[in-house]
Amino acid sequence: MNAPVAPEIAELEEQERRLTLPRFTHDDAWALGTLLVELARERRAPVAVDIRRGGQQLFHAALPGSTPDNDAWIDRKRRVVERYGCSSLLVGSRFRAKGTTFEDSSRLDPDTYAAHGGAFPLTVKDTGVIGTVVVSGLPQIEDHRLVVESLEKFLKA
């Protein structure tokens with residue numbers, strides 16, 4: 001079975017423009033989190049899910065098969081979104097497009113930051129990035145796609 005191909009940078013940037021929220025409340029965090037958990041359960045995905053607004057964790061779930069390592073990955077990927085204001089996959093892709101890696105060129109501690117797919121900015125229209133939604137437990141492209149799919153469904157609800 002072939003590994004999923006990473007989306008192009010233009011596609012990742014388009015996802016972020018398209019997946020802008022009209023608002024994001026505590027209730028929205030619960031709705032998005034439970035939607036993400038439902039999608040993961042349908043796929044028997046061994047993931048952990050984390051949603052934060054500012055410095056506050058509004059939702060967290062660890063599904064069967066996930067481990068404490070997934071929480072460590074969540075923290076590392078989330079920090080990339082908080083620092084760069086865009087998805088962790090996009091950050092890593094931009095470094096690779098320059099012929100290098102995040103780990104080699106960012107000058108950031110890889111034990112603290114990980115530019116691997118699965119962390120996505122929560123962007124509110126006319127406000128900007130206000131938080132993050134993060135999944136960890138699958139290969140990075142699949143983590144990213146699960147987050148994007150959940151945001152697409154959430155915005156249609």
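The values are calculated or read from the model by the stated rules, or taken from the named source; none is laboratory data. What you see is a predicted model, and the numbers here were worked out from it, not measured in a lab. When we count neighbours, we look across all protein chains shown, and the Cβ atoms used for this are built from the backbone with ideal geometry, even at glycine. Calculation scope for accessible area: heavy atoms of the full protein, side chains included, ligands and nucleic acids excluded. Shrake-Rupley method; radii C 1.70, N 1.55, O 1.52, S 1.80 Å.
Taking the conditions (1) in contact with a Leu (Cβ under 7 Å, 6 or more places away or on another chain); (2) surrounded by fewer than 19 Cβ atoms within 10 Å (Cβ to Cβ); (3) of a type in the set (Gly, Ala, Ser) in turn, Ser93 satisfies each one other than (2). Condition check for Ser66 on (1) farther than 18 Å from Glu8 by Cα; (2) out of contact with any Pro (no Cβ under 8 Å at 6 or more places or on another chain); (3) open to solvent by less than 60 Å² (accessible area, probe 1.4 Å): one failure, at (2).
Do we have any residue at all in segment 71-86 that's over 19 Å from Leu122 (Cα atoms) and among the hydroxyl-bearing types (Ser, Thr, Tyr)? So far as segment 71-86 goes, no, none of its residues is over 19 Å from Leu122 (Cα atoms) and among the hydroxyl-bearing types (Ser, Thr, Tyr).
With the requirement that a residue be within 13 Å of Asp75 (Cα to Cα) and open to solvent by 70 Å² or more (accessible area, probe 1.4 Å), what does segment 32-55 give you?
Initially, segment 32-55 is screened for residues within 13 Å of Asp75 (Cα to Cα), giving 48-52, 55.
Correct list: Gly55 only.
Exactly one residue among Arg83, Arg44 is more than 26 Å from Pro110 (Cα to Cα) and without any contact (Cβ under 8 Å) to a residue 60 or more places away in the chain, and that residue is Arg44.
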